[in-house]
1. Find out how many positive minus negative residues lie around I69, taking Lys and Arg as positive, Asp and Glu as negative, among other residues whose Cβ is under 14 Å from that of I69.
2. For K10 paired with M67, estimate the spin-label separation in nm (one decimal), with each label point 7 Å from Cα along the Cα-to-Cβ line.
3. Please give the net charge around K10, taking every other residue with its beta carbon less than 15 angstrom from that of K10, where Lys and Arg add +1 and Asp and Glu add -1.
4. Cα-Cα over 20 Å: which of K57/K80; K10/K80; K10/K57?
5. Label 7 Å along Cα→Cβ of V78; the stretch 22-39 residues with amide nitrogen under 20 Å?
6. Take I35 and H87, extend 7 Å from each Cα along the Cα→Cβ direction, and tell me the distance between the two endpoints in nm.
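What follows draws every value from the coordinates through simple rules; no lab data is involved. These numbers were taken from a predicted model, which means no experiment stands behind them. No Cβ is skipped: glycine too gets one built from the backbone with ideal geometry, and neighbour counts run over all protein chains shown.
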Amino acid sequence: MMIPEGGSAKLVCKARGYPPPKVTWRREDGGDIIIRGLNGVKTKVTSVEGEVLTLSKVTRSEMGVYMCIAGNGVPPTVSKRLMLHVHCKQYKTNNINILHLDKYIWVLWPTEIFTSKCTLKKRSPYRYFGTK
């Protein structure tokens with residue numbers, strides 16, 4: 001699933017069985033799920049119960065694999081993976097395009113800006129400055 005940075009995502013996971021299964025959402029990397037309330041309050045949790053996981057005002061730090069886990073006490077527990085991609089915002093100042101990726105800022109000249117993708121966000125802990 002691809003959503004723009006600042007947008008909302010609704011992840012749905014339906015499960016049936018007897019007894020009725022309980023659905024839980026977790027991040028595959030063990031990171032926190034960020035829930036933003038209507039009043040703007042941000043809450044970090046390790047799991048969310050329910051068939052629907054709603055993420056609002058999504059940032060690139062929330063990009064990753066979300067796992068839907070359904071279990072009712074009768075083996076096996078079943079899980080499904082859903083990859084959430086966040087389309088990063090691009091900015092332009094003084095003829096230099098700036099692409100924000102995760103915790104790092106990549107400054108790229110116009111000829112390079114379209115070859116970079118948000119999926120590069122964890123490749124290197126260094127800042128890159130284009131000099132073309």
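1. Details: positive: K14, K22, R26, R27, K80, R81; negative: E28, E49, E51.
That sum, taken over residues with Cβ under 14 Å, equals +3.
2. 2.6 nm
3. Details: positive: K14, R36, K57; negative: E51, E62.
Summing Lys and Arg as +1 and Asp and Glu as -1 gives +1.
4. Values: K57/K80 24 Å; K10/K80 15 Å; K10/K57 12 Å.
Beyond 20 Å between Cα atoms: K57/K80.
5. 22-28
6. 2.9 nm
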